[in-house]
Structures are given as C-alpha cells and as structure tokens.
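Take a look at the following structure, please.
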Amino acid sequence: MRLGTVKQFDEGSSYGFIEDDRNHKSYFVFYKAIKEEGYKSLRVGDRVQYQLAQGKNGLQCVNVYLA
C-alpha cells in the first residue's frame, strides 16, 4: 500500500487527486475506489492508503482507505 494526501476532491463530480508521499506525484481517484463504509467522499488534507492501477489515462488510485 502507498500513502498520500488528498489534494483535491470534487463531490459534485465524484473525483479528485491524491499526492503520493514517495514521489510527490498526483494521481486521479474516483469515488468508486474509496473502500470506506457509508458515503464515499474524501476531504482535502485527508491521509489515505491506496494502491495504483493502470486506468484509461494512466495510473490511478484504487482500494483507497483513510490512513
């Protein structure tokens, strides 16, 4: 699992970006990748654990959990 910080999340569009702790790159995250119970949303500044997987437009976050 990788660690990162939510840098942007638009609840209306249900997507955002997570900055990786290792390489400081930002990766796309869609609400369906969030594995928490209940309402699937993230807030700027949330610390998260996640994995990277190949998506249509490059690497994106999957299996996202609050850290």
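Under a plain spin-label model, where a point goes 7 Å from the Cα along Cα-to-Cβ, how far apart in nm are Lys56 and Phe28?
Here the modelled spin labels are 0.7 nm apart.
Something else about it: Placing +1 at every Lys and Arg Cβ and -1 at every Asp and Glu Cβ, with all other atoms neutral, what dipole size does region 2-66 have around its Cα centre, in debye to the nearest 20?
The dipole magnitude comes to about 180 debye.
Looking at the chain, which trypsin sites (Lys or Arg not before Pro) are DSSP coil and have at most 10 other C-beta atoms within 10 Å of their C-beta? If you can, show how the numbers build up before the last one.
Values: sites: Arg2, Lys7, Arg22, Lys25, Lys32, Lys35, Lys40, Arg43, Arg47, Lys56; in loops: Arg22, Lys25, Lys35, Lys40, Arg43, Lys56.
Here the trypsin sites (Lys or Arg not before Pro) that fit, given the DSSP loop and packing criteria, are Arg22, Arg43, Lys56.
What net charge do the residues around Val62 carry, taking every other residue with its C-beta under 10 Å from that of Val62, with Lys and Arg at +1 and Asp and Glu at -1?
Working: positive: Lys32, Lys35; negative: none.
Value of the local net charge: +2.
Along Cα→Cβ, 7 Å out, is where each label goes; now give me the distance between the ones at Ser14 and Arg47 in nm to one decimal.
In this crude spin-label approximation the distance works out to 2.9 nm.
Starting from the amide H of Asp46, placed 1.01 Å from N in the peptide plane, find each other amide H under 5 Å away whose residue is 5 or more places distant or on another chain.
Val6
Apply the Karplus curve 6.51 cos²θ - 1.76 cosθ + 1.60, θ = phi - 60°, to the phi angles in region 27-32 and return the couplings in whole Hz, x for Gly and Pro.
10, 5, 9, 10, 4, 5
Expressed as a rounded percentage, what relative contact order does region 2-66 have, with Cα pairs under 8 Å and six or more residues apart?
Details: 139 pairs, mean separation 21.9, N = 65.
Reported as a whole number, the value is 34 percent.
Same structure, new question: If you wrap a convex hull around the Cα atoms of region 2-66, how much volume per residue is inside, in Å³?
Given the Cα convex hull of region 2-66, per-residue volume reads 72 Å³.
Continuing with this model, one more query. Can you list which of the GluC sites (Glu not before Pro) found in the chain are DSSP loop residues with at most 13 other C-beta atoms within 10 Å?
Details: sites: Glu11, Glu19, Glu36, Glu37; in loops: Glu11, Glu36, Glu37.
Here the GluC sites (Glu not before Pro) that fit, given the DSSP loop and packing criteria, are Glu11, Glu36, Glu37.
Where a number appears in this text, it was derived from the coordinates with a stated rule and is not lab data. Owing to the predicted nature of the structure, the values given are computational and were not obtained by experimental measurement. All Cβ positions, even for glycine, are placed from backbone atoms using ideal geometry, and neighbour counts span all protein chains on display.
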